[in-house]
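The values are calculated or read from the model by the stated rules, or taken from the named source; none is laboratory data. Worth saying up front: this structure is predicted, and the values here are computed from it rather than measured. Every residue, glycine among them, receives a Cβ derived from its backbone with ideal geometry; neighbour counts consider all protein chains shown. With ligands, DNA and RNA removed, areas are computed over all heavy atoms of the protein, side chains included. Shrake-Rupley method; radii C 1.70, N 1.55, O 1.52, S 1.80 Å.
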Amino acid sequence: MDFSATAIELHYTQVMQTVNNQAKDDDAKGPEVVVYFDGSCPMCSKEIQYYRGLDKHARILWEDVAGENPSCPIGYDQATLMARFHVKEIASGQVFDGAAGFARVWLALPAPWRGLGKIATFKPVTWVMEMGYRLTLKVRPLIAHRFFGAR
């Protein structure tokens, strides 16, 4: 993989062209992804509430998997979906988790999030984000308790 300044600049230029082109047809699309989230986690719910507020064009379907009988993608169960963040692309049926899932959500949101999503799909960036996500998962119960009053 080429990590030279030229390769990164080229990737950035392509990202920005894509973002500008996609911004023009924002109103023409329907849902692009399904987000599976743990609605019993106060921290997760707060973040999802924020993203829902940004999703003005209804590009994202939201599935709280904490309730009884959640709608799970084929091959996934409730426990798996609650343990990590999962996102399914509707067109391809492909499921992404962790940092890659967040990148897919951001791609479905308007600018500047869409641009950040394109950058987040660049493998070195996804890798760094995944390391941060894994750390967050380890301390999530502590964060939820400390800042959201969860047990």
- Task: Treat each spin label as a single point 7 Å out from the Cα along the C-beta direction, and report the S71 to L137 distance in nm.
- Result: 2.5
- Note on the structure: In the neighbourhood of S92 defined by beta carbon distances under 13 Å, the net charge of the other residues (Lys, Arg +1; Asp, Glu -1) is 0
- Message: If the reach is capped at under 20 angstrom between alpha carbons, list the lysines near K88, excluding any in the same chain fewer than eight residues apart.
- Response: K29, K56, K118, K123
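Does the range 41-151 classify as rounded, prolate or oblate by the C-alpha gyration tensor (a ≥ b ≥ c root eigenvalues; a/c under 1.5 gives rounded; else a/b over b/c gives prolate, otherwise oblate)?
It is rounded, given that a/c, with a ≥ b ≥ c, falls under 1.5.
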- Query: How much length is gained if the chain between A91 and T6 is pulled fully straight, taking 0.36 nm per residue apart and subtracting their Cα-Cα distance, in nm to one decimal?
  - Reply: 27.4 nm
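Could you order E47, E63 by accessible surface area, starting with the largest, using a probe radius of 1.4 Å?
In descending accessible area the options line up as E47, E63.
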- Classify the range 30-76 as rounded, prolate or oblate, taking a ≥ b ≥ c as the square roots of the eigenvalues of its Cα gyration tensor: rounded when a/c is under 1.5, otherwise prolate if a/b is larger than b/c and oblate if not. oblate
- Query: How would you classify the range 92-151 from its alpha-carbon gyration tensor, with a ≥ b ≥ c the square roots of the eigenvalues: rounded for a/c under 1.5, else prolate if a/b is greater than b/c, otherwise oblate?
  - Reply: prolate
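Per-residue counts of other Cβ atoms within 10 Å, averaged by peptide: what ranking do you get for 85-97, 121-133, highest first? It would help to have the intermediate numbers written out before the result.
Numbers: 85-97: 17.0, 121-133: 14.5.
So the order, starting with the most tightly packed, is 85-97, 121-133.
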